[in-house]
Structures are given as C-alpha cells and as structure tokens.
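What follows is calculated from the coordinates using simple rules that are stated; it is not laboratory data. In this text, all values refer to a predicted model and were calculated from it rather than measured experimentally. Heads up, the Cβs are rebuilt from the backbone with ideal geometry, glycines too, and the neighbour counts pull from every protein chain shown.
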Amino acid sequence: MYGMKIDNHPKLDRLLLPEYSNFHPLRKGFKFEGDSVDDMNRTWEIEREADQKVSSTVLEHHRRDYFVNMGPQHPSTHGVLRLLLHMDGETILEIDPVIGYAHRADEKMGENGNYMQFYPYPSRVDYLAGMIYNWGYVGTVERAIGIEITERAQYIRVIVSELQRLASHLMWYGAFLMDVGSFTPFLYCFQDREEILDMFEMCDGSRLTYNYFRFGGQERDLSPEMLDRARKFIPMMKSHLKDYEKLVQKNIIFRKRTEGVGVITKDMAIQYGVTGASLRASGFAYDVRKSEPYGIYNQFEWDVPTATTGDAYGRFAVRVQEMWQSLRILEQALTRIPEGPYNNPAAPKRFKPNPGEFYFCVESPRGEMGIYLISDGTENPYRIKMRTPCYSNLQVIKDVGRKNFLADVVCILGSLDIVVPDVDR
Amino acid sequence: MFKNIKEIFTGAWSILVGMFITFKWMLKRPVTIQYPKQPTRPSPVHKGRIRFVIFPATGTHDCIACLKCQNICPSDCFEIKGDKPAEGGKKRPNFFTYNFSNCSLCSLCIEACPTKTLEHSPEFNLASENKDDYFYNFLNDVEERKKKVDATVNR
Amino acid sequence: MEMNVNPQQAAAHQKDGLMGVVFASLEKLLNIGRANSLWPLTFGLHCCAIEMMAASASRFDLDRFGAGVFRGSPRQADLMIVAGTVSRKMAPRIKMLYDQMPAPKYVIAMGGCAMWGGPYQYDGQYAIIEGVDRIVPADVHVPGCPPRPEGLIEGLLSSA
C-alpha cells in the first residue's frame, strides 16, 4: 500500500489490491482517478487473465501434483477468502491464501475525517466483535487525550464486552459445526445469540454493528430491564452449554473429525504471531486481559483456559472454556455494578491531541486487536493502523495444512475462526 | 483390539446421548416467530432511519439549518440548504435530503443537533424495487406525517 | 386440461384459443412453484451476511418461504442475495457468478453498501464499487446497515 521495495523478497506481489493495480493508496497526496464503465470492463479482462495465470500453472506431464482453487465464493470460507490448494492426490502439499477480496479502505478513511467521524468503521471491520473493537478505538483516543472514565462506565464496558464475546463464540460454534457436518447446533446457538442481540438492542439500538462507546463513557445507560435480562440469561446459558457438551464434544464423529487435525506447535504459533484461542490451544497462556489489563479486568477472578494438543479439537475446547469464563466474569460484574454517571460530561467532542504515537490493545474473540494511532496535532489523525488478529492467524495456514487431507481444510479454517474483513480491513 | 471395541461402545453411547438431547429439545416450545403474520417488536431505542421530530407544542420540527449534522456525518448523508425568512425569526431549511443507503446509524447527527430535532424512526422492514426511494426529503416527510396524524385524530 | 401436448400442435390450434389456455395455466403453475421456492446462492460478503444467516436460523426462518436451502453452486440457485460491500477485486467474480445462474434469476441488493456504497462511499474511495447494480441488475433493494432480518424477508416476499 505504501509501495516499499524489499530486497530478496520471495514474492513481491500486490496483496490487498487487485494484481494489476499500479497505485499506492496509503501515501499522502494519493488521489484516485475513478474509472468509467469501459475501464471497468477492461480491468475485468485483465483480472480474468491474471486469474487464469495463477490457477492453471503449467506443470510438466510427469508431475502428479495439481492445484485446486477454493474460490472466493464458497460456503465454508466464511466470507470472500480464496485458497489455492497444491495437492498430491488427496493430501495437501501447501495452502496459499489469496486475500484482498474484502478490502474496503478503512485505514485511508480514517485520515479523511476527524476522530469522531471514524466511529462507525472499527465495528464493521470485525462485525462479530463490534463492541470490543469499539472499545479498542475509544481506548486509544482516550489514551491520546488523557480522559477519565467513570466507574459505572467501566463496568458497563466489561459487561457488554463479555456478552459480545459470548455472542461471537456462539456464532463460531454454529458455523464450525455446520462446516464439520451437523446442522442442529447452528440453530440452537443462533437462538442463544438472538437472546444476546435482544439485550444489545435494548442498550444500544442495533443488532450487529454498534456505536455504543463514546470518548469518556457510553452513549446511553444500561436500563434495569436489560440488567435483569442479563441476570436471567446466565443460568439459562449454563444449562445450554452443558447440553451442547453432551451433544457435540463427546460425540465420536466430531472427535474423529477434529482430533489430530491442523496441529499448530507452540514455536510455530509464536513465530507467526498467532494470538487468541489458537495460541492458547498450543499451550501458551497469553491473554491481553491478564498480561496487560485494561479497564477493570484485574478486579475479577477468572482463569485463562489452555490446551496442549494444538489441534482443532484443542482450539474448540479452549473456546468452550472461554465461554464458561465469560459467564463467570459476567456474574461478578452484574452483582458489583455501581450506580453513577455513565459518561464523562467534560469529554470534548472536537479536539486536537498532542502529536505522538499511541497504542491500545484489547482481547477480541479472535486474538489481540490493537489500534496504533499517529497524531500530528490536527483534528484529523495522521495514521490509524489496526493490528487485526485474523491477519496474523491466517498466515499459519500455509504450514499447518501440510499432510492433511482435502476434507480437513474446511475443519482447519473453521477452527482458526477467520472473519475475512478482519484480514483485509 | 480391545481399545477398538471399547471405542465402538463409547462412540455408540455418545451418539445415543446426543439423540436424547435433540429429542428433549424437540419437545420444547418452538422459538420461530411467524413473521409477517406475527409481528416482531424491536425495542423502543431501536435505530431505524433518521427523521424529524414533530414537537407536540408547535406541531412541526425545529430545524434551524445550522448544518451541524451535515458537517459531522461520516458518510455525507445530508444535503441541506436554508435561509432566514423575510419576516425575521430563526433560519429555516428549504431543502433537506437524507440518503439512508449511506447511513451507518451512528447517531452522531442526533447528538450534534442543537435543537434536538432529529430522531430515529421505528421502521425496520423497508424493501423496495427502486433504490432512489431511500433519498428522503424530510420536509415532505413531515407534511405526510402531519396529514396522517390529522387523519387519525379527526376520524 | 391436457398437459402433454405437442408444441407444434399447440401453434396450429392457437386460433381456437384452446392451447393458449393450457399453456397459460401451465406457466402460472410454474410461476407459483418458482415464487415459493426461491433458492438463494450463498453470497455473503461482509456484515450483512450475518443478518442473512440469522434470517435463515431458528427465529426468523427463511425455510417457511421455501428459501431455506442455500445452494453453493450458482447453477442450482435462482436468487443471488448480494449482502455486503462489493470490492473492486471481487467484482469480476460477481459478474461471472451472475452469468452462470440459469434464468429466471433475481438479485436482491441487501444493505446500504450494495445499493450506493454505504458508509464506505466517499470521494477518494479506490477499493469498492459503489452499488452492485453497476455490475448486475438488481431487482429489490433492502436498506439498512445492516438491515434487520424482517427487512430481508420483506425483500424476498416482494421479489417472489
């Protein structure tokens, strides 16, 4: 995006933009000259030629291996992700992900408006963890301008984030099991998720993409009805999780399908920068809420679940345990939430932070999400960079896919929990 | 060998337990809402499209065409033109369009408005064949809503 | 009414008005069948895809309208729900998929992004196509960011 040239790079191609593009958008002073319909038709032909060059690599006749294109439109890739599978019979030699189909120029848009006007965008980068990404952005700016957050707002943030983590894991649960082959847990988990979305609608007004956080607090207070509903939700969710464990986790077909598949070793995970449940399933207990606590997470009693196997079953078990720990944190937060103001009235709406670099990271359901902000003293940010977890997590698929079968690709991708706009921003 | 036989039994038992759980769930009340025959009720703070508030005291909106909503909107949804009336008083808008397709429902315009004359409407099930239907002209919209209120009051 | 009629004979008897009645009611029957079993193509691009999945899940069941079977292949689908922003890199593939669908085919543009570019539309946008009907003709537009599942159901019923 900046047009840097790196020496001795094995494959210096365009990653997020189409292959034939010859512009560098993130440079200051870049201006895009739009193209007309004729230009669009011509670019499509260039695209198709580039596609054919990539997917039909000319192989000599005596070679046995071949390429399978798991294209951008696929029921199991959870979005528009393209995987080029280099196969030998039924075994995979290498998986090559091709990204950029969901690129929406979020980071460039951050430079166009002021800090308030960037609100809608972090929530849409990972739409399953909208509240948590909102907290990431708002936390960075609060660090930049040095503003106090009230105690009730801190508790509200924890409650809402843990509910969001539950909703995201429920969605992952349903989608992963649908990929592996069973349809029932998808329907059960979506009903539980609808309960959580009802609660979010009572507090914020939207079901999927939220704008609930403001600098210094929240947009509006949590109503007593919503808190009551959350208190009734916890025992219901606990009994459902026990049912799901009997239904899924002990099921012999599920275990045969996921045990030993897609093993990520600890060294591989640390080298690639994998975070989140995929790292914890390889035996490394790293959770941003414990190692660099933000908000009031250090006032609650909870554990970081880990596993030692590093396979898809381990990642699954870690995420289920994370759901239990989220319920534990929720219970404590709901009993201890104090009365008081939900936002700081002294928070400025238009401001010019001091020039400098600021970084704030949160634990999203997929891993560590950080926002890196460079401010130059004006009302518009100079650069907003989002360190998204799925971008790093997806890189590991190149090494993990080796020696697995074609049917396991779907299982590996599902267990890594990839949300494609998170990869491409 | 014995391990395989044991696995067969534990596996078959796990599948029977799973089927028992689904049978138990099957006997629970169904959760499907038969929309559109059965109405769904979004919460009172549900965020639909933006519209003018009709104040009960004046019977109309209170927009002063200050352009604060236009300036703060991240997606440039508003286009407003206004001027002061000849007989004096506050500035009033004579052209106010809002593009709902670009709106991300962030509520920044509602917070920025000094006269609190913008609100979210409770509509939630819009669909149409013509995409220009979603360029709302708020001044016409207010007139239509006033006619509807008069019609229900004078029935 | 005879249903197994030779088309050549049909043309010959057009003057009598008989064959016209047979084919009109056959066409009507086929249209009822098509309207009540619109099979969508799984084409979720971004956030609206989750609301599409929620519309097909337990609470708002799309299967009640016959549209619950999401096909993976465009050859078997007759409705393409474009849910999400269309990026410039993805645009040729959308055109290819639309061309591969057999007629009669319909397109629902779901969400603000598929209609006019949504919140991502601004003057320097280099990465998305602002509105899916620059590429394929869209029949129904469902606004919102994201639209509620009830909105999608309304859109489906109006295209059926």
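A compact table of results
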item	result
Flagged links, alpha-carbon separation over 28 Å, of B:K6/B:K28; B:K84/B:K147; B:K131/C:K89	B:K6/B:K28
A:D88 versus B:I5: modelled label distance in nm, points set 7 Å from Cα along the beta carbon direction	3.9 nm
Ranked C:M80, C:M101, criterion: other C-beta atoms within 10 Å, fewest first	C:M101, C:M80
Positive-end residue of B:P44, B:I8, B:G88, charge dipole of chain B with Cβ unit charges	B:I8
Flagged links, alpha-carbon separation over 23 Å, of A:K266/A:K290; A:K385/B:K47; A:K28/B:K81	A:K385/B:K47; A:K28/B:K81
Sorted by Cβ neighbour density within 10 Å, fewest at the top, the residues C:C113, B:C103	B:C103, C:C113
10 Å Cβ neighbours from other chains, averaged over peptide A:188-197	4
Hull volume in cubic angstrom per residue (convex hull over the Cα atoms of chain B)	232 Å³
Using θ = phi - 60° and Karplus 6.51 cos²θ - 1.76 cosθ + 1.60, couplings along region C:103-115 (whole Hz; Gly, Pro as x)	6, x, 10, 10, 10, 9, 8, 9, x, x, 5, 7, 8
Proximal lysines to C:K28, defined as alpha-carbon separation beneath 19 angstrom and excluding residues fewer than eight positions away on the same chain	C:K105
Simple spin-label estimate for B:A86 and B:K37 in nanometres, 7 Å along Cα-Cβ	6.0 nm
Helix-only [θ]222 nm of chain A, DSSP H runs n ≥ 4, -39500 (n - 2.57) each, per residue, nearest 500	-14000 deg cm²/dmol
Anchor A:K238: aspartates and glutamates whose Cα lies under 15 Å away (excluding residues fewer than 8 positions away in-chain)	A:E162, A:D192, A:E195, A:E322, A:E331
Hydrodynamic radius by Kirkwood, which averages 1/r over all alpha carbon pairs of region A:345-400, in angstrom	13.4 Å
FRET efficiency, A:I253 to A:E301 (Cβ-Cβ, R0 41 Å, nearest 0.05)	0.65
Karplus (6.51, -1.76, 1.60) ³J(HN,Hα), θ = phi - 60°, over region C:69-83, in Hz, Gly and Pro reported as x	8, 7, 8, x, 9, x, 5, 10, 10, 10, 9, 10, 9, 7, 10
Residue-averaged [θ]222 nm for chain B, counting only DSSP H segments that reach four residues, each worth -39500 (n - 2.57)	-10500 deg cm²/dmol
Rounded, prolate or oblate (a/c below 1.5 giving rounded, otherwise prolate when a/b exceeds b/c) for the protein assembly as shown by Cα gyration tensor	rounded
Along each principal axis, Cα extent of region A:106-424, largest first, Å	58, 42, 30
Cα-based helix-to-principal-axis angle, B:2-26 vs chain B, degrees rounded to 10	40 degrees
Potential extension, A:Q191-A:N354 segment - 0.36 nm per residue separation minus Cα distance	54.0 nm
Coil-residue trypsin sites (Lys or Arg not before Pro) of region B:23-82, DSSP, other Cβ within 10 Å capped at 16	B:K28, B:K37
Residues C:W116, A:W324, sorted so that the one with the fewest Cβ neighbours within 10 Å comes first	A:W324, C:W116
Label point distance in nm, A:L227-B:I15, each placed 7 Å from Cα along Cα→Cβ	5.0 nm
Computed magnitude of the charge dipole of the protein assembly as shown (debye, nearest 20; Cβ of K, R +1, Cβ of D, E -1)	1040 debye
Cα-based helix-to-principal-axis angle, B:138-153 vs chain B, degrees rounded to 10	80 degrees
Under 12 Å, Cβ to Cβ, from A:S282 - net charge with Lys/Arg +1 and Asp/Glu -1	+1
Residue list for region A:194-222, given a label point 7 angstrom along the Cα-to-Cβ vector of B:E119 and an amide N cut-off under 12 Å	none
